[in-house]
Each structure stands twice: as structure tokens, then as C-alpha cells.
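Each remark here refers to the structure printed beneath this line.
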Amino acid sequence: MIKQELRSTIKNLLQKYTEGAEYHNEIIDRAIERVINQLYTATFLASPLSIQRYVKRFGGTTAIPVVLDAVAGIYYSSYPTGYSIVPLPDKSSGVRRVSTVAQAGITFFPMDQRELELVNDSYFENVSDKIGYVVTQDRVEYYGMTVPIATAGVRMDLLIPFSDYGENDEVLVPEIPDKSNIGFTDMVLTILSVIQPIETKDDNLTETTVPQKPKQ
Amino acid sequence: MATNALIDINTIVTRFLLKYKLSTEDAVIYTEHCANCVRDFHLYDSPNVVSEKIAISALGIIEMPGDMVGFNGLFSTTEGELWSFTERDRIVNTTTFTGAVEGQDSAFGEGAVLNDPRSDTYGGLGGVNDYYYTIDWKARRIFCEGIKSTTVLLRYTTSGVETSGVTYVPEFITPMLDAYMLWRSSYWIPPMVREREMLEKDYTKAEAKVRTLINAMTADQWRDLLLSITSQAPIR
């Protein structure tokens, strides 16, 4: 389902209020995002490898640039403009895969900052031709980056939040129920059920009218 | 043509991740452990020693190669065959500096020729070697006696892990390396802790299998061995 369809589905399932009082898209999007993030984590904890199915690929048409931070002496890539990641509790976090532009086997291994500092003079440094990548809040830093790969740029599979998707982007939602056997839609509606819609009618009223129950 | 007989460590690790359905999460750590196992293989199991032509200085000293972790033998050559040196622990293994120049103080026995008691009359048995050596691991030097200023052949074991270039190992030891990595993962993956003993046994079994294969003799080797110790006899 594309992003706007997903939002529309939720919107139409919400309780109807009087004309002019409705849920803002931003409120619905944040509720959806919160639930999807929760489902991503649940999916990851159940099977770390399966989270790959929910990523969005970047750098396919134009490679993501790899830049040298001359002061720190490290290569890095910033996340594509306008995108952030959903953090997960492992080293890859929301950067599930980094690859060279030419897809030829695995070249990048995730590392954490601790490993990055400890790996100097290790066997790994001597025997491995793999490039380590460390996921930080605003960029991906590389260990052992080579000039040819840096010049060509990289591709990335990112787990991005719902709000970063374009209106017509396909959004894959893990349909993994929570402990109470409640799925995605019900989880979003549960969050929104305690939030009143906002009065959007320009009639200078300060209160939202709660709809009357239909008479039996 | 079949697959290559040699495989590099990177490929071993990536195949390991594939075979055991593991993510790349701990790939760096697995690579480190895999290299440790390769080192152990070279130290304890592998017959693959390095043969290197090496110079004996004018003082009769060999400087050990940087990657030498175990000594396997020191040889000169004679008629196309190797002649081994004999270990003699009591060779004086010090030198004396005069300014910046390293030399030997004969008064202290440094570089002195060893005298072997010999008998070439009745009662003379056995033999003595012309070439002796002693190893000073701390100084990473081999002191030789009976030969100087020449080139000999040193056989030694290394960690097997190349610091420049690709590290290759025999492909048939991959089950042993896999078992090692699985066993070692029990030290940082909490659910694996209870499996540790079983995993260690798996590794020991895999290592024994490799050792058996390496040390086993071929049919021809057995035949040669038997023929070398039997006498020809008339067959009727």
C-alpha cells in the first residue's frame, strides 16, 4: 500500500465527528509511524534477517557520495537528504546494508564504535579486505574505505520512518500482531482513540462538538 | 575442474555466515577468531613449515624472521640433501660491543670453536656433528657453531596469517574453522553459553579429523616403509 492509501485507510476507520472537526494528517502519520517502528523492532527481535524486507534502497540511480573528513581522518556518507533512520538494537541499526555500486558480493560489515577503536593492529586489519561501517545519528562512518570505492560512492538499504516516505511511495508494514493479538490497524486506532480531532472549521468556536449517538 | 584447494579467510567467514544463517552483525569478531584458529592450525596441526634460505653472519648468528613462532630445523646442504644441525644448549649466546660494533669476546667463550671428544680407535661409536645451534628466543637469534658467513636453510612455523597479501588455508579445514567460530561465539552470545561444552567437543572432533588426515600415510608410503625394513629372500 502506498503512503497516502495507508493514511486514508486509518482516517476512514476513525470515529466521525461533526463537520469541520477532523484528524490532521500529521497526527495520523505520527501514530502510524509509532506503530510501524514498534512493529519493525518486534520483527527484528523475532528474526533479525527478516527486517531486510522493509528497507528502502538508496543510491540505485545516483550513488550516495562518500566523503573524507580530513580532520578526523575518516570517510563517511551522510544520509540521503530528507531521510533519517529507524534505529534498531544492533550494529547495523537502521542501515541494514551498504554495498558498492557494482553489486559483487559482500564488501561492508557493520561495526560499532568500540570495535572501530579496538580493531587497529588486529588480525581483522591484516586479513580482511572488508570495509566496516559505523552507524551514527547523522552519518555512516567507514573503516578501511578504499579510494576507488569512495570515488564511486555506495548504495544503502535504509529502514526509514513513515514520515520520510513520499506520498506515493510503497510502504511495507510488518503484519506481526502484538501479545494481545492486535495488528497494525487496531494498534494505530488505539493510539488515536484517546486523541480528539482538531476543529478545522473557521467559525471561531473554541470547542469541538462531540457527535451524538444515533437514536435507536 | 573441481573447486580450489585453497581458500582465503574472508571467504571462510562469509561462507560461515551463509551456512549458519547469521547476519553480518558479528562478522568482524568472527574474522578475528577465524584468524586465531588458522594460527593454531599452523602451530599445532599443520605440517606446512616455511623453508627459508637465511644468512649466518660473520659472528655465526641468524636473526629470526619476524613471523617465526616455532623452530622446526636448521640445515646445510650436501649432495642435494639437507644436513641437519644439532641443538646444543650450552653454546655461549652473548656478544660484546666495542662502541657500536658488535663482536665476540673469546675470553668469555663467545664464538669459540667447540671441541667434541672423538675416538677413531677401538671403542669409537656413534658420531658427532660439525654443526650446532642454540636458540635465544628472547633475543630472537639463533647462535650457530661450526659454520659462519654462509647461507643455510631454516625451517620454521609461522602464524600463517599474512600481513601483506591474502591469507590462504587448505579448504578441507573449513569444518574445523566453522566449529571453532561457533564454539568461540558462546563467549559473547548469551544463549550459546549452555552449548559451550558441546561446541568445544565439536571443534575437538573436527580438529582430530583434520589431524588424522594430515598424519595418515598413503598406501605407497606404507609399502615403502615395510620394504625398507625387510630383507630380500628367495621366493620358492
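The values are calculated or read from the model by the stated rules, or taken from the named source; none is laboratory data. None of the values given here were measured: they were computed from a predicted structure. No Cβ is skipped: glycine too gets one built from the backbone with ideal geometry, and neighbour counts run over all protein chains shown.
Overview of values
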read-out	value
Flag if A:V98 is farther than 26 Å from B:G165 by Cβ, within 14 Å of another protein chain (Cβ to nearest Cβ) and buried (at least 21 other Cβ atoms within 10 Å of the Cβ)	no
Total residues in the range B:39-63, condition out of contact with any Ser or Thr (no Cβ under 7 Å at 6 or more places or on another chain), surrounded by fewer than 21 Cβ atoms within 10 Å (Cβ to Cβ) and within 14 Å of chain A (Cβ to nearest Cβ)	1
Any hit, the range B:92-99, residues being surrounded by 13 or more Cβ atoms within 10 Å (Cβ to Cβ) and of a type outside the set (S, T, Y)	yes
Every residue from the range B:89-131 that is within 15 Å of B:C144 (Cα to Cα), modelled with pLDDT of 90 or more and in contact with a Phe, Trp or Tyr (Cβ under 8 Å, 6 or more places away or on another chain)	B:I91, B:V92, B:N93, B:T94, B:G103, B:Y131
Whichever residue in the range B:64-80 is surrounded by fewer than 14 Cβ atoms within 10 Å (Cβ to Cβ) and more than 14 Å from the chain's Cα centre (by Cα) and, among such residues, is nearest to B:V92 (Cα to Cα)	B:T77
Residues that are surrounded by 14 or more Cβ atoms within 10 Å (Cβ to Cβ), assigned to a loop (DSSP other than H, G, I, E, B) and of a type outside the set (A, V, I, L, M), drawn from the range B:81-91	B:F85, B:R88
Hey, B:V49 closer than 30 Å to A:E125 by Cβ and among the hydrophobic types (A, V, I, L, M, F, W, C) or not	yes
Condition met for A:V86 (closer than 12 Å to A:M156 by Cα and more than 9 Å from chain B (Cβ to nearest Cβ))	no
Strands (runs of 3 or more DSSP E) wholly inside the range A:23-121 containing at least 2 residues that are modelled with pLDDT under 90	none
Residues that are polar (S, T, N, Q) and within 14 Å of chain A (Cβ to nearest Cβ), drawn from the range B:148-193	B:T158, B:S159, B:T163, B:S164, B:T167
Meets criteria (outside any loop (DSSP other than H, G, I, E, B), surrounded by 12 or more Cβ atoms within 10 Å (Cβ to Cβ) and not assigned by TED's automatic domain parsing to the domain that holds B:Y30) for B:F172	no
Counted residues, the range B:181-207 - those being touching a helix residue (DSSP H, G or I) at 6+ places or on another chain (Cβ under 9 Å) and among the β-branched types (V, I, T)	2
Criterion (over 12 Å from the mean Cα position of the chain (by Cα), of a type in the set (V, I, T) and buried (at least 17 other Cβ atoms within 10 Å of the Cβ)) met by exactly one of A:T61, A:T43	A:T43
Qualifying residue in the range B:183-195 (condition: modelled with pLDDT under 95, among the acidic types (D, E) and farther than 30 Å from B:Y44 by Cβ)	no
Test: residue in the range B:20-38 that is without any contact (Cβ under 8 Å) to a residue 12 or more places away in the chain, closer than 22 Å to B:I142 by Cα, more than 8 Å from chain A (Cβ to nearest Cβ) and part of a loop (DSSP other than H, G, I, E, B)	no
Search result, residues across the range A:54-68 that are closer than 22 Å to A:D90 by Cβ and either more than 14 Å from every other protein chain (Cβ to nearest Cβ) or of a type in the set (S, T, N, Q) (or both)	A:Y54, A:K56, A:R57, A:F58, A:G59, A:I64
Pick from the range B:139-167, criterion over 16 Å from the mean Cα position of the chain (by Cα) and in a strand (DSSP E or B), ranking: nearest to B:S51 (Cα to Cα)	B:V152
Pick from the range A:122-141, criterion in a loop (DSSP other than H, G, I, E, B) and within 11 Å of chain B (Cβ to nearest Cβ), ranking: nearest to A:P48 (Cα to Cα)	A:K130
Lone qualifier among A:G105, A:G144 - being within 14 Å of another protein chain (Cβ to nearest Cβ), closer than 28 Å to B:I29 by Cβ and either touching a residue at least 12 places away in the same chain (Cβ under 8 Å) or among the charged types (D, E, K, R) (or both)	A:G144
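This table checks each residue for (1) surrounded by fewer than 17 Cβ atoms within 10 Å (Cβ to Cβ); (2) among the aromatic types (F, W, Y); (3) out of contact with any Gly (no Cβ under 8 Å at 6 or more places or on another chain); (4) farther than 22 Å from B:N10 by Cα.
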residue: A:S93; (1), (2), (3), (4): no, no, yes, yes
residue: A:Q103; (1), (2), (3), (4): yes, no, yes, no
residue: A:I106; (1), (2), (3), (4): no, no, yes, no
residue: A:M111; (1), (2), (3), (4): no, no, no, no
residue: A:R114; (1), (2), (3), (4): yes, no, yes, no
residue: A:L118; (1), (2), (3), (4): yes, no, yes, no
residue: A:F124; (1), (2), (3), (4): no, yes, yes, no
residue: A:V127; (1), (2), (3), (4): no, no, yes, no
residue: A:T136; (1), (2), (3), (4): yes, no, yes, yes
